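Each remark here refers to the structure printed beneath this line.
Read-outs: derived from the displayed coordinates by stated rules, not from any lab. Note that the structure is a prediction, hence the values are computed from the model and not measured.
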Amino acid sequence: MDNPRPTSHPISHPQRASSPLPLEQKAALDRFAYLLLYYGRWREASLILESLLMLFPGDAMTAQRLAYVSLAQGEFGRSLALTEVCLAAARRTPHSPSSLLLLRSRALLGLGRGEEARESFRRFLEFRKQEEEAP
């Protein structure tokens with residue numbers, strides 16, 4: 001009574017064959033993680049975000065959310081590492097890194113690196129001022 005194993009995954013997505021997860025399912029998990037964050041379910045949100053980051057390692061938004069969750073859980077070193085990765089990616093895009101600089105500042109402060117935290121917060125304020133002045 002050998003049951004032959006299927007040669008491919010039963011769920012496939014024709015537009016994104018190289019992805020281990022269809023984009024619609026990724027978006028649903030993103031929304032679910034956001035709701036868990038909203039209701040303060042940090043650990044559960046962290047597990048989903050970690051899984052998404054494993055499946056989509058280049059997703060800066062997932063990494064940023066995971067940095068936020070890590071910060072909220074007191075995992076300052078992890079939050080800082082994730083934030084630094086996001087900042088490196090943000091340097092290659094036209095988007096403002098202001099929210100990342102604030103996350104970085106809080107993680108550095110949690111690690112007892114006050115001077116670096118103040119510098120990061122000062123840069124955050126500069127970016128915010130530029131954003132407000134921009135047309």
Expressed in nm to one decimal, what extension gain is obtained for the pair F127 and A81 from 0.36 nm per residue of sequence separation less their Cα-Cα distance? 14.5 nm
Length added when fully stretched, E24-S51, from 0.36 nm per residue minus Cα-Cα: 8.2 nm
